[in-house]
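Asker: Here it is: the structure, laid out below.
Only the coordinates and a few stated rules stand behind these numbers; no lab work does. The structure displayed is predicted, hence computed values, not measured ones. With ideal geometry, Cβ positions are generated from the backbone for all residues, glycine too; neighbour counts draw on all protein chains shown.
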Amino acid sequence: MKPFSYVRPDTPAAAVEAFAAAGAEARYIAGGTTLYDLMKLDIERPGHLIDVTAIEGLDRIETGGRELRFEALAPMADVAEDPVVLRDYPVLAEALAKAASQQLRNMATVGGNLLQRTRCAYFRGGPQGAYPCNKREPGSGCAAMDGLDRGQAVLGQSSSCNAVSPGDWPVALVALDARVELLGPSGARSVPVGELYRLPGETPHLEFNLEPGEMITAIVVPKTPAGRLSTYHKIRDRESYAFALASAAVALEMGGRRVTRARIALGGVATRPWRASAAESLLAGRVLTPETAMEAGRAAFAEARPGHHNGFKIELGARTVADALMMAAGRTGQ
């Protein structure tokens, strides 16, 4: 691990100033549950760390207004256990509760979690440079294309990268049309969570649509009655401490048994949190049955492209969507 300098500003503006002064080698750090791992693996080599955990008020959780507002430093565990989130937005609580261990959820922040990098074994595994990886070393190639790709993406991949976006929390936020508030050298702006992520294309090392020095300050979720008819369904190799092979975040607006509007996002199968627009359109105005739910699941994966060992994800993903739809609809009596 290379030497680095460390500062701990006490306001967002001071953090942005510190980043601008430090230059391209600077990194923001909060819980550190991702960045420290990457530093130990010699993937991230920051020359300057800007610790934002001393910024007062940046850990607030506000659920009483017209929107849900989670400041960036709110611990994942605190948001998952908030009574309003548990009661009215189970998709959010479940996405957080099914991510990592309780110890990590106590430490990790909801803002930092959005910037989690891939768990692709070729990106993280082996000594530095042992496998070509375009995310780690642009232009070096992608070992996963002809390698062990069981966990890789079937949606959104390119000829340069097929690494899966690993998060659970961003998938739930995309389903609820959440947005992030950003602050950087050019000022403040707000973008939909889905637009925070880039497709790999020919530049898979550029993962996020962030300007240099921008930091996430808050996550804002529109309040919707669909929140109560929602779930986050995650399929993985083992029940805990494992990343998704396929997951689905679903929120429904229903008129009786008929779907008036569906929101569906996919995780574990794509290179970024993936909105399943075709599946949403298919369900609009239809009575939800196991058969129509399965139709929607297959529609969500109509454009999927399997690799050598991950074709099972297409059927698994379709069934995950179908099951999530029925689970969400079953919450009408809650």
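Asker: Could you work out how far the C-alpha centroid of segment 259-304 sits from that of segment 169-189, in angstrom?
Answerer: If we compute the Cα centre of each part, the gap is 23 Å.
Asker: Still on this model: Hey, how much of the P(r) for segment 1-150 falls beyond 19 Å, as a percent of Cα pairs?
Answerer: 62 percent
Asker: Which FRET efficiency value, to the nearest 0.05, do you get for residue 211 and residue 278 by plugging their Cβ-Cβ distance into 1/(1 + (r/R0)^6) with R0 = 25 Å?
Answerer: Efficiency at R0 = 25 Å is approximately 0.20.
Asker: What's the whole-number percent of alpha carbon pairs in the chain lying beyond 37 angstrom?
Answerer: 15 percent
Asker: Sort 85, 287 by Cβ crowding within 10 Å, fewest neighbours at the top.
Answerer: Listed from fewest to most nearby Cβ atoms, that is 287, 85.
Asker: Further question: Spin-label point model (7 Å from Cα, Cβ direction): what's the residue 202 to residue 25 distance in nm?
Answerer: Distance between the two pseudo-spin positions: 3.1 nm.
Asker: Expressed in nm to one decimal, what extension gain is obtained for the pair residue 36 and residue 137 from 0.36 nm per residue of sequence separation less their Cα-Cα distance?
Answerer: Roughly 34.5 nm would be gained on extension.
Asker: If you don't mind, there's one more thing I want to ask. Give the shape of segment 1-56 as rounded, prolate or oblate, defined through the alpha-carbon gyration tensor: a ≥ b ≥ c are the square roots of its eigenvalues, a/c under 1.5 means rounded, and otherwise the shape is prolate if a/b is larger than b/c and oblate if not.
Answerer: Because a/c hits 1.5 or more and a/b fails to exceed b/c, segment 1-56 counts as oblate.
Asker: Would you mind getting me the FRET efficiency between residue 315 and residue 119? Use the beta-carbon distance for r and R0 = 22 Å, nearest 0.05.
Answerer: 0.50
Asker: Could you tell me the relative contact order of segment 227-329? Use alpha-carbon pairs under 8 Å, at least six residues apart, and round to a whole percent.
Answerer: 29 percent.
Asker: Does anything in segment 262-277 have its amide N under 19 Å from the 7 Å Cα→Cβ label point of residue 305, and if so which residues?
Answerer: 268-277
Asker: In what order do 4, 70 fall by count of nearby beta-carbon atoms within 10 Å, going from fewest to most?
Answerer: Lowest to highest Cβ neighbour count: 4, 70.
Asker: Right, another one. What distance in nm separates the two pseudo spin-label positions at residue 10 and residue 195, each 7 Å out from Cα along the beta-carbon direction?
Answerer: 3.6 nm
Asker: A follow-up question, please. Pairs of alpha-carbon atoms within less than 8 angstrom and 6+ residues apart define the contacts here; what relative contact order does the chain have, in percent?
Answerer: Relative contact order here is 16 percent.
Asker: Shifting gears a bit: Under the rule of -39500 (n - 2.57) per DSSP H run of 4 or more residues, summed and divided by the residues of the chain, what mean residue ellipticity at 222 nm is obtained, to the nearest 500 deg cm²/dmol?
Answerer: -7500 deg cm²/dmol
Asker: Dipole magnitude of segment 1-56 about its Cα centre, charges +1 at Lys/Arg Cβ and -1 at Asp/Glu Cβ only, in debye to the nearest 20?
Answerer: Computed about the Cα centre, the dipole is about 180 debye.
Asker: With unit charges on the beta carbon (Lys/Arg positive, Asp/Glu negative), name the residue among 109, 123, 92 whose Cα is farthest towards the positive pole of the charge dipole of segment 80-136.
Answerer: So the residue we want is 123.
Asker: How large is the charge dipole for the chain, taken about the Cα centre, if only the Cβ atoms of Lys, Arg (+1) and Asp, Glu (-1) carry charge, to the nearest 20 debye?
Answerer: Magnitude of the dipole: close to 800 debye.
Asker: For segment 215-324, give the magnitude of the charge dipole about the Cα centre (Cβ charges: +1 Lys/Arg, -1 Asp/Glu; no others), in debye to the nearest 20.
Answerer: 240 debye
Asker: Let me ask something else about it. Between 281, 18, 230, whose Cα lies farthest towards the positive end of the dipole of the chain when Lys and Arg beta carbons carry +1 and Asp and Glu beta carbons carry -1, centred on the Cα centre?
Answerer: Working it through, the farthest residue towards the positive pole turns out to be 281.
Asker: Separation between the residue 186 and residue 86 pseudo-spin-labels, each 7 Å from Cα along Cα→Cβ, expressed in nm?
Answerer: Output for this residue pair reads 4.2 nm.
Asker: Holding the Cα-Cα limit at 31 Å, pick out from 135/234; 2/98; 2/234; 40/223; 98/135 the pairs that are longer than that.
Answerer: Pairs exceeding the cut-off: 2/98; 2/234; 40/223.
Asker: Over the Cα atoms of segment 227-329, compute the convex hull volume and normalise it per residue, giving Å³.
Answerer: That works out to 94 Å³ per residue.
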